[in-house]
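Values in this text are rule-based calculations from the coordinates and carry no lab data. Just so we're clear, the structure is a prediction, and the values are computed from it rather than from any experiment. Note: ideal-geometry Cβ built from the backbone for every residue, glycine included; neighbour counts use all protein chains shown.
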Amino acid sequence: MASRKEEKERLRQEREERERQEEEKSKKKKRRARMLGAAALLVLALAIIAFVAFSGSDKKSPEEAQKGLQATTGPWEPLTAGLEDRENALGLPAPSDTIYHVHAQLKVFVNGKPMTVPNNIGIDPAKGPVSLHTHDDKGIIHMEAVEPFPFTLGEFFTIWGVRFTPTTLGAFQAGNGLVLETYLNGKKVPNGPGLQMKQSDRVVVMFGKPNSAPKDFKLDAGASG
C-alpha cells in the first residue's frame with residue numbers, strides 16, 4: 001500500500017501531466033487558428049487581385065493613350081474622339097471646379113509663328129469637360145479636379161490630341177539645326193512633356209531655329225486667378 005507521501009507525489013505528477021496535455025492542446029488550437037487566418041487572408045488577397053484585374057481589364061495603358069494623336073503640321077483642333085479613353089489611360093481625377101481649381105497659360109510657336117491653342121480642348125459636347133481643359137483660344141489651361149493633382153504639360157497635349165515628346169511636336173521633329181524647347185516662366189526646362197503645371201505658370205513650347213520665338217509673356221487676366 002502506497003504511503004501518503006507517495007500518493008501525494010502521484011497526484012502531483014498526474015496533475016502536471018494533465019496541465020502539460022492541456023497546454024499542448026491550447027498550442028495546437030492557436031497554431032490551427034493562425035493557419036486558418038493566414039489562409040483566409042490569402043483567399044481575400046487573391047479575390048482582391050482578381051477583382052482589380054477584372055474591373056480594370058477594359059482600361060488602356062498610358063502608352064495606348066498616345067495612339068491616334070495628331071501628327072500633322074497643324075493647326076490642331078481638339079481631338080474629341082477617344083477623349084474618355086485617353087483620360088482613363090492617363091489616370092486623371094474626376095473634374096470639379098470648386099475643390100481644386102488652378103490655371104496656367106500656354107503659348108505654342110512653330111518656326112516663329114504662333115499656333116492657336118483652341119477652345120474646348122478636353123470637353124466632350126455630350127459629357128462635359130475632363131479635369132484638364134480650355135474654355136477659350138488664349139491657351140489658358142484649366143486644371144479642375146476633386147483633389148490636388150500633378151497635371152503635366154504632356155498630359156494636356158494628350159488630352160488635346162497632339163503628339164508631343166521631348167523631340168516631337170505634331171509632325172515636327174527636332175534635328176538638323178531645328179530645336180523643340182519648352183520654357184517655364186522664362187526658363188528652359190529639360191523635359192517639356194514632364195513639366196508639372198501650377199497656378200499662374202507661363203509655358204512656352206517652341207519649335208524651329210533657336211531663339212525664333214519669345215520665351216516668356218505676360219499672363220492674360222483669366223490665367224492669373
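Tabulated results
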| quantity | calculated |
| --- | --- |
| Integer Hz, Karplus 6.51/-1.76/1.60 couplings in order for region 197-212, x for Gly and Pro | 8, 10, 4, 6, 5, 10, 10, 10, 10, 10, 10, x, 6, x, 6, 8 |
| For the chain: relative contact order, % (alpha-carbon pairs under 8 angstrom, 6 or more apart) | 20 |
| Helix runs (DSSP H) in the chain reaching 18 Å along axis by Cα, Kyte-Doolittle at least -1.0 | 4-55 |
| Under the Karplus curve 6.51 cos²θ - 1.76 cosθ + 1.60, θ = phi - 60°, whole-Hz ³J(HN,Hα) for region 177-183, x wherever Gly or Pro sits | x, 9, 10, 10, 10, 10, 10 |
| Under 5 Å, built H, 5+ apart or other chain: amide partners of Ala104 | Ile141, Met143, Ser200 |
| Cβ-Cβ FRET estimate between Asp220 and Leu178, R0 fixed at 22 Å, reported to 0.05 | 0.15 |
| For region 106-225: relative contact order, % (alpha-carbon pairs under 8 angstrom, 6 or more apart) | 26 |
| Aspartates and glutamates whose Cα lies under 15 Å from that of Lys187, excluding same-chain neighbours fewer than 8 positions away | Asp201, Asp216 |
| Overall form of region 140-225 per C-alpha gyration tensor (a/c, 1.5; a/b vs b/c) | oblate |
| Mean Cβ count within 10 Å, highest first, over the residues of peptides 78-88, 182-192, 153-163 | 153-163, 78-88, 182-192 |
| From phi via Karplus (6.51, -1.76, 1.60), per-residue ³J(HN,Hα) for region 140-152 in Hz, x at Gly/Pro | 6, 9, 8, 10, 10, 9, 6, 7, x, 8, x, 4, 10 |
| Cα centre as origin, Lys/Arg/Asp/Glu Cβ charges: the chain dipole, Debye | 1240 |
| Average Cα contact separation per residue, region 110-177, under 8 Å, 6 or more apart, as relative contact order % | 21 |
| Diffusion coefficient, µm² s⁻¹, Stokes-Einstein with Kirkwood Rh over alpha-carbon pairs of the chain at 10 °C and 1.306 mPa s | 74 |
| Subset of Lys107/Lys127; Lys107/Lys218; Lys67/Lys188; Lys107/Lys198; Lys67/Lys198; Lys67/Lys107 violating a 18 Å alpha-carbon distance limit | Lys107/Lys127; Lys67/Lys188; Lys67/Lys198; Lys67/Lys107 |
